Amino acid sequence: MSEFITHIAVMEDCAHLAIISDKITTPFKKVLKNNIEAARLGSASRGNHVFSGPLLEKYRDAWDTRKPEDRLEEKLAFVLGWVAHRAADTYFKPRYKIIDKDRSKRPQDIRIYHDFITFDETYKKGTLPPLSPSTMDSHLESHPAASAVDTEMVEPLFGSMYQNAFIQLKTYNQKDEGLETWFKKTFDAHQDYYVDIQRYAKGYAHPDPKKVKQFFEEPNFYNPKDPIIQLVRALQDGKKSDIDLEEAATLNEQSQYAESLQKCYRFFKSASNLFTEDITRKQFELQFENDYYVRFDGILKK
């Protein structure tokens, strides 16, 4: 679920910044503006950093001769979602280990509480796409359609439909594998859905004050007064701002969410430089892999 709300929020907020930046190449701006759904999908998927560089080069080389059926705009947007996911991962995961030492639950409580904040702030309590105000319900009870169906009966039906759609994605090669082998490979590729929606619903409706203090207040997770956050919210609302992006992107001692946006913006600029051939793939990957926040005597530093 952290790969759902907070990771997508970082990407979407950073997309607003990229679109107005003179440091970002025009194709990136266009796909982030016109193909945001593909970028959302990319930002919610894992195992991405190995492929980002090669794909950016591939799409760059084919860009001027692309055809509509190539769908390069969607593919490039998806890769930029990957880039944003990498930024969020490498920023937040070291902090999860330090701030929330209880790893007995999946996902950790800190991830859930971070999702509460980004749900409220980036998606304005679920009133902005792709979310819904009923996202944090236990059984979508506030959704307009809830009064027309029995949600507890519909939920397993949708689960079966999902499994059916997943199985259809797998090709069966009768020559090379038997049916049992095919089923094993299919279900080995299926990731267990370990998120307990009830934890989200209960935590959002009745947040634990101790956890709010531990995960939100003490580590300064989100500060709406940070310049880069002020700029993003103005852009999100279609307003102009006098805040200088490059200055806001380099300020120190900002909230964690502001710093995750700064990191995502750095990654977008590196990806843009690779796309315009201002840096090599090796240089891009060095920035992509080495731009970590590491632990030093219990303190996370840039």
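The values are calculated or read from the model by the stated rules, or taken from the named source; none is laboratory data. Model, not experiment: these values are computed from the prediction. Cβ atoms come from the backbone with ideal geometry, glycine included; neighbour counts cover every protein chain shown. Surface areas here come from the heavy atoms of the whole protein model, side chains and all, with no ligands, DNA or RNA. Shrake-Rupley method; radii C 1.70, N 1.55, O 1.52, S 1.80 Å.
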In debye, nearest 20, what is the charge dipole magnitude of region 74-162 about its Cα centre with +1 on Lys and Arg Cβ and -1 on Asp and Glu Cβ, if you could check? 700 debye
Hey, could you grab the Kirkwood Rh for the chain? Inverse mean 1/r over distinct alpha carbon pairs, Å, one decimal. 21.0 Å
I'd like the FRET efficiency for residue 184 and residue 162, computed as 1/(1 + (r/R0)^6) with the beta carbon distance as r and R0 of 25 Å, rounded to 0.05. 0.80
Report the full-extension gain for the segment residue 105 to residue 58: residue separation times 0.36 nm, less the Cα-Cα distance, to one decimal in nm. 12.9 nm
Surpassing 20 Å at the alpha-carbon level, of the pairs 97/210; 29/263; 75/263; 29/269; 101/210; 125/240, are 75/263; 125/240
With a 1.4 Å probe and all protein chains left in place, how much of the accessible area of the chain comes from carbon and sulfur atoms, in whole percent? 53 percent
Exposure of residue 58 as accessible area (Å², to 10), given a probe of 1.4 Å and all protein chains: 130 Å²
Treating only the Cβ atoms of Lys and Arg (+1) and Asp and Glu (-1) as charged, compute the dipole magnitude of the chain about its Cα centre; round to the nearest 20 debye. 440 debye
